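The values are calculated or read from the model by the stated rules, or taken from the named source; none is laboratory data. As the structure is a prediction and not an experimental result, all values here were calculated from the model. Positions of Cβ are generated from backbone atoms using ideal geometry, with glycine treated the same way; all protein chains shown enter the neighbour counts. Keep in mind that these areas ignore ligands, DNA and RNA; they rest on the heavy atoms of the full protein, side chains included. Shrake-Rupley method; radii C 1.70, N 1.55, O 1.52, S 1.80 Å.
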Amino acid sequence: MTDMHADLVVRNAYLITMNDSREYFERGAVAIAGNKIVAVGTDREIAGSVKAARVIDAGGGIVHPGFVDTHVHFMNTARGAIPDSAETSVMMNTFRRWWDSVEEEDERAATLLNCLEMLSNGTTCFLEAGTLQFPDLAAEAAAATGIRGLIGDPFLWDVPLAGDTHAMTRAPRSRKRSLDLLGGQLKRNKGEPLIRGCVVLFGLGSASDELMRAALALADDHHVVFSQHQSFDTHDGSADEKRLGQRAMCHYADHGLLSENCTFSHMNDLTADEVAVVRQAGMSVVWCPVTSMSLGAEAAQHAHHLEMMRAGVTVSLASDGAVSGCRYDIGLQGLAALLASRAKNQSKLAFSAEDVLELATRGGAKAVGMLDKIGSIEPGKYADIVIRTTDLPEAQPITDPVQALVYSCGSKSISTVIVNGEVVWSGGQPTRVEAAMVYDLARSSRRRMWAKLSLAPESKWPLVV
Ligand SMILES: [Zn+2]
């Protein structure tokens with residue numbers, strides 16, 4: 001190997017590459033120049049061939065590709081706003097009021113807080129679910145933290161539903177409004193921006209075939225993904241069936257509304273025929289295991305994510321919203337998916353630790369349309385890398401890094417997060433923004449929002465103040 005110059009080398013790493021052959025190095029190193037990975041190898045090889053401006057010694061800790069969270073709503077400032085025992089319809093109605101009332105400073109606070117939470121948990125790329133009221137402002141706030149992400153346009157929908165709890169005055173269901181806004185965020189996709197645009201509809205039965213056709217055409221033309229909520233539970237599954245005269249995914253397939261650029265979220269309530277068309281379309285599926293379980297979604301009991309994975313469908317993991325998904329933490333989602341799969345299938349063989357890493361890295365990268373750029377630690381890809389410490393009881397002793405990562409080394413073990421070649425999280429703190437400032441903004445936003453919506457914390461036990 002010839003002498004190579006690098007801006008940063010991560011050495012002495014128990015390195016999980018997630019490359020095509022899934023190689024991992026007991027003592028490996030990664031060299032980074034600018035925003036890209038330029039060399040990967042044994043520590044000895046890299047030390048002998050790369051001149052580095054800066055070296056991070058991982059101390060034998062686990063190093064892996066950043067996680068990709070493929071479906072998030074930026075609203076962790078709404079934590080506690082909805083009683084834990086409230087029905088899903090009450091939750092959605094509160095969300096509607098929340099989304100109708102959010103102002104710029106609220107969206108900025110929520111975006112900053114969410115992005116810091118994701119970085120702290122090893123997520124280096126997200127896809128927002130189409131519920132930002134001020135996408136330009138949110139893109140700027142997200143980029144300020146150094147995270148990578150994809151966003152679409154807000155609340156695009158055109159099918160009015162009976163008893164519509166999602167009705168919002170500021171985003172009425174209108175085909176004209178939706179078509180006017182559709183694709184607006186694709187303006188970002190010049191050069192190598194941290195925050196890119198994709199095509200997002202709200203979904204869950206709220207889009208006509210015409211709107212879906214326009215969304216898919218834009219996504220296919222621009223080589224980006226088209227994302228929407230789909231088939232969360234038996235309620236919207238059967239509502240779709242009643243409206244369309246057949247199961248939703250079969251209807252979409254029959255009407256040319258699916259392609260490999262489709263990335264649909266939840267997908268709990270699917271029939272065998274729908275699973276077959278998903279596979280045939282080559283599309284991606286987003287699995288939000290914690291949301292499904294915490295909302296008590298009946299459809300989660302017979303969901304087919306595992307079957308789709310085994311059939312070669314790209315499945316990824318997502319946190320959804322803070323109220324249902326608990327934490328913006330792909331490690332938690334992966335462990336939940338593993339445990340749920342084993343319990344449901346009554347077999348340890350149903351789902352492995354390796355499966356968790358597949359979904360969290362390469363699966364996520366493919367689901368956001370960026371597998372050629374992220375999802376593994378390989379020369380030519382963006383340097384989106386997580387470094388974990390060994391200096392914790394649960395990180396000792398490491399015999400298998402994949403097992404250690406999935407079962408024992410939670411987010412507490414994350415010491416450094418690199419996105420686009422830059423250290424953006426280090427020693428429990430973000431490097432680009434002041435965490436205390438973000439927490440202040442979030443607390444102020446919560447005070448304003450709760451006052452505006454007359455929300456009060458649920459108190460099951462006597463509160464002494
Ligand atoms: Zn969602």
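The lysine pair count for the chain, using Cα distances under 21 Å and pairs eight or more places apart or on different chains, is 13.
Quantify, in whole percent, the carbon and sulfur part of the accessible surface of the stretch 373-465 (1.4 Å probe; protein heavy atoms only). The partial results should precede the final answer.
Details: 2680 of 4900 Å².
Taking all protein chains in place, the stretch 373-465 shows 55 percent carbon and sulfur surface.
Taking the highest mean first, how do the peptides 455-463, 399-407 order by number of other beta carbon atoms within 10 angstrom per residue?
Numbers: 455-463: 9.0, 399-407: 17.3.
Per-residue Cβ counts within 10 Å, averaged per peptide and sorted highest first, yield 399-407, 455-463.
Residue separation times 0.36 nm, minus the C-alpha to C-alpha distance between Glu210 and Asp84: what's the value?
On the way: separation 126, 0.36 × 126 = 45.36 nm, distance 3.77 nm.
Gain in length upon complete extension: 41.6 nm.
What length, rounded to one decimal in nm, is gained on full extension from Arg170 through to Asp136, with 0.36 nm per residue of separation minus their alpha-carbon distance? Can you show the working numbers first?
On the way: separation 34, 0.36 × 34 = 12.24 nm, distance 1.69 nm.
The span from Arg170 to Asp136 would gain 10.6 nm if fully extended.
Taking a virtual spin label 7 Å from the Cα of Glu260 along the C-beta vector, which residues in the stretch 312-350 bring their backbone nitrogen under 17 Å of it? Hits in the stretch 312-350 for Glu260 at 17 Å: 312-316.
Distance between the 7 Å Cα→Cβ label points at Ala451 and Ala343: 4.2 nm.
Give me the percent of DSSP beta bridges within the chain that run antiparallel, rounded to the nearest 5. Mind showing how you got there, number by number?
Details: 26 of 61 bridges.
Just about 45 percent of them are antiparallel.
For a paramagnetic label modelled on Lys242 (point 7 Å from Cα along Cα→Cβ), amide N atoms under 18 Å away belong, within the stretch 187-211, to 204-208.
Remark on Ile62: its backbone amide H falls under 5 Å from those of Tyr14, Arg388, a criterion applied only to residues 5 or more positions apart or on other chains, H modelled at 1.01 Å from N. FRET efficiency for the pair Glu26 and Thr431, taken as 1/(1 + (r/R0)^6) with r the Cβ-Cβ distance and R0 = 22 Å, rounds to 0.15.
Taking 0.36 nm per residue of separation and subtracting the Cα-Cα distance, full extension of the segment from Tyr439 to Glu192 would add 86.0 nm.
For Lys36, nonlocal amide neighbours, meaning residues 5 or more places apart or on other chains whose placed amide H falls under 5 Å from its own, are Ala383.
Please give me the summed charge of the neighbours of Ser174: other residues whose Cβ is under 10 Å from its Cβ, Lys and Arg +1, Asp and Glu -1. Mind showing how you got there, number by number?
Working: positive: Arg173, Arg175, Lys176, Arg177; negative: Asp158, Asp180.
Within the 10 Å Cβ shell, the charges total +2.
Per-residue ellipticity at 222 nm for the chain, helices alone: DSSP H runs ≥ 4 residues times -39500 (n - 2.57), over residue total, nearest 500 deg cm²/dmol? Can you show the working numbers first?
Numbers: 16 runs with 158 residues, N = 465.
Per the formula, -10000 deg cm²/dmol.
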